[in-house]
Amino acid sequence: MKHFPDDDTTNLTRPRYTQFAVDKPYTQVEGLRGYVSGNGEEVQIVDNVKVTRQAFGDKGEMTLETDYLNIRPNEEIVKTDSPVVIK
């Protein structure tokens, strides 16, 4: 992790983003690089991105692979313009 005080952004190496929520499956995102905006409202995970959603209820585990994800944690939004493989 490398923090830049001038704009309060952070660069990450081998980041892991984990979502825990009541009545929702545990979900983990990992990649080779990441960036966090100065206000913490935007997290970008880049290169060999893998999302793993734990099995829950009657649904099995799901994985998603892509090259880029933009995560907006406070809005519970995740998006990408890159191709995605879902398994």
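Just a few scattered comments:
- Within the range 39-81, considering residues that are assigned to a loop (DSSP other than H, G, I, E, B) and surrounded by fewer than 11 Cβ atoms within 10 Å (Cβ to Cβ), the one modelled with the lowest pLDDT: Gly57
- Which numbered condition Val29 fails, given (1) under 16 Å from the mean Cα position of the chain (by Cα); (2) without any contact (Cβ under 8 Å) to a residue 40 or more places away in the chain; (3) closer than 30 Å to Asp58 by Cα: (2)
- Selection within the range 9-31 - over 13 Å from Thr52 (Cα atoms) and open to solvent by less than 60 Å² (accessible area, probe 1.4 Å): Thr9, Thr10, Asn11, Leu12, Pro15, Ala21
- Enumeration of residues in the range 1-38 that are of a type outside the set (Ser, Thr, Tyr), assigned to a strand (DSSP E or B) and touching a Phe, Trp or Tyr at 6+ places or on another chain (Cβ under 9 Å): Asn11, Leu12, Gln19, Gln28, Val29, Glu30, Gly34
The values are calculated or read from the model by the stated rules, or taken from the named source; none is laboratory data. All values derive from a computational prediction rather than experimental measurement. Neighbour counts are summed over all protein chains in view; Cβ atoms, including those assigned to glycine, are modelled from backbone coordinates with ideal geometry. Ligands, DNA and RNA are excluded from the accessible area calculation, which covers all protein heavy atoms including side chains. Shrake-Rupley method; radii C 1.70, N 1.55, O 1.52, S 1.80 Å.
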